[in-house]
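The values are calculated or read from the model by the stated rules, or taken from the named source; none is laboratory data. Worth saying up front: this structure is predicted, and the values here are computed from it rather than measured. As a convention, Cβ positions derive from the backbone with ideal geometry for all residues, glycine included, and neighbour counts pool all protein chains shown. For the accessible areas, the whole protein counts, side chains as well, though only heavy atoms, and no ligand, DNA or RNA atoms are used. Shrake-Rupley method; radii C 1.70, N 1.55, O 1.52, S 1.80 Å.
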Amino acid sequence: MHQWKKSIFPAGMLLVLLLFDGLIASYFNQVLYTSLGYVTPRLTIVGLMLLSLYLSKGHLLTLTLIFGFLYDSYFTGFLGIYLGAVCLMVYLIYQLRLYVKPSLAVYSIVGILMLTVMELFVFSVYNTINLISVSYDYFFAHHLGGTLIFNGIIFVLAYGVVERFLTDFSDSRSVF
């Protein structure tokens, strides 16, 4: 495999997912209000989680820093909140991989756990600096459930679709 393909494909995939995050949030805004609460698409974050299963730590860290910064630039006016959340998520994935066995079920549970940690981190920072003024009860009841279900389904579907492409870029078949 050519080295440039190993660098270009994951970055291109994350860029497309970043743009789709914005498109879904903009064009389907009314549809994202469900009986489960408001659904926030996190396709870029799901992409980083999928890449964390196959890329080396250094390559993923570079992509995490770049796309965490782009995510903040694209979606928020405050730089560093999602950058910190995504870096925390990637760090926790690398710590958890020492203790779990690889399978789709384990990857899905780790993915949902990481999305939960990231959403709680971002909500806590926003709440601390008074960008939002809602309670944790409201957050859990009207935001977290729908977001986790939607992005969990996307994770499982994307894993099945892109696994064969991502194995070409892995340093080893099983990184966990």
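Restricted to region 7-44, and to residues that are surrounded by 16 or more Cβ atoms within 10 Å (Cβ to Cβ) and among the β-branched types (Val, Ile, Thr), which residue is farthest from Leu55 (Cα to Cα)?
Going through the qualifying residues, I end up with Val39.
Take the residues of region 128-147 that are open to solvent by 40 Å² or more (accessible area, probe 1.4 Å) and assigned to a helix (DSSP H, G or I): which is farthest from Gly160 (Cα to Cα)?
Looking only at region 128-147, we keep the residues that are open to solvent by 40 Å² or more (accessible area, probe 1.4 Å), and these are 128-138, 140-142.
Narrowing the set further to residues that are assigned to a helix (DSSP H, G or I) leaves 128, 136-138, 140-142.
Numbers: Thr128: 38, Tyr136: 34, Asp137: 34, Tyr138: 33, Phe140: 29, Ala141: 30, His142: 29 Å.
Only one residue fits best here, namely Thr128.
Within the set of pairs 6 or more residues apart or between chains, which connect a residue that is closer than 17 Å to Val39 by Cα inside region 143-161 to a residue that is modelled with pLDDT of 90 or more and of a type in the set (Asp, Glu) with Cβ atoms less than 9 Å apart?
These pairs meet every condition: His143/Glu119; Leu144/Glu119; Thr147/Glu119; Leu148/Glu119.
Please work out which one of (1) open to solvent by 60 Å² or more (accessible area, probe 1.4 Å); (2) closer than 25 Å to Gln95 by Cα; (3) in contact (Cβ under 8 Å) with a residue 60 or more places away in the chain is the condition Ile66 fails and give its number.
(3)
Among the residues of region 86-108, how many are at pLDDT below 90 and in a helix (DSSP H, G or I)? First the steps, then the outcome.
So in region 86-108, the residues at pLDDT below 90 come out as 87-108.
Now restrict to residues that are in a helix (DSSP H, G or I): 87-96, 104-108.
Counting residues in region 86-108 that are at pLDDT below 90 and in a helix (DSSP H, G or I) gives 15.
Restricting to region 32-60, count the residues that are without any contact (Cβ under 8 Å) to a residue 12 or more places away in the chain and more than 23 Å from Leu120 (Cα to Cα).
The qualifying residues number 1.
Looking only at helices (runs of 4 or more DSSP H) that lie completely in region 1-84, which have at least 1 residues being β-branched (Val, Ile, Thr) and over 25 Å from Leu131 (Cβ atoms)? Walk me through how you get there before you give the answer.
Details: elements: 3-27, 43-52, 57-75.
Result: 3-27, 57-75.
Within region 85-116, which residues are loosely packed, with under 14 Cβ neighbours inside 10 Å and aliphatic (A, V, I, L, M)?
Result: Leu98, Val100, Leu104, Ala105.
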